[in-house]
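Working notes, structure below.
The values are calculated or read from the model by the stated rules, or taken from the named source; none is laboratory data. Note that the coordinates shown come from a computational prediction; the quantities given were computed from them, not determined experimentally. So basically every Cβ, Gly included, is an ideal-geometry build from the backbone, and we count neighbours across all protein chains shown. Accessible surface areas use protein heavy atoms only, side chains included; no ligands, DNA or RNA. Shrake-Rupley method; radii C 1.70, N 1.55, O 1.52, S 1.80 Å.
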Amino acid sequence: MVRLPLTPEEVERGQRLGALLRRARGERPMLETALDACVSPETLRKIETGRVATPAFSTIAAIASVLGLSLDDVWSEITKADGGTEANSSSSSRPRLAS
């Protein structure tokens, strides 16, 4: 299956997600955080740097849980610049594939 290229809004949302996770992690070591969330340190690094803009829901849920973040708060934070909901995005009618 071929993935469609990410829209600029999706890339920005991924960057906001990464920044949020970095802030929430603070001084906690990346390795410790990744292992506690049962994800590889490389996966966490890629998400935090925005290289993986659309990570799997289960991955974000695990990381958020380890960092004490609610998924509602994560979603609210990463969608602030695009109006707060996916429905406001011009690409909302286009199907997306999870990574």
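For the range 50-77, the set of residues classified as outside any helix (DSSP H, G or I) and farther than 12 Å from residue 16 by Cα consists of 55, 56, 68, 69, 70, listed by residue number.
On the stretch given as the range 53-72, residues that are without any contact (Cβ under 8 Å) to a residue 24 or more places away in the chain and open to solvent by 40 Å² or more (accessible area, probe 1.4 Å) total 4. Looking only at residues in the range 26-52 that are among the charged types (D, E, K, R) and either over 15 Å from residue 77 (Cα atoms) or in contact (Cβ under 8 Å) with a residue 60 or more places away in the chain (or both), the one that is surrounded by the fewest Cβ atoms within 10 Å (Cβ to Cβ) is 27.
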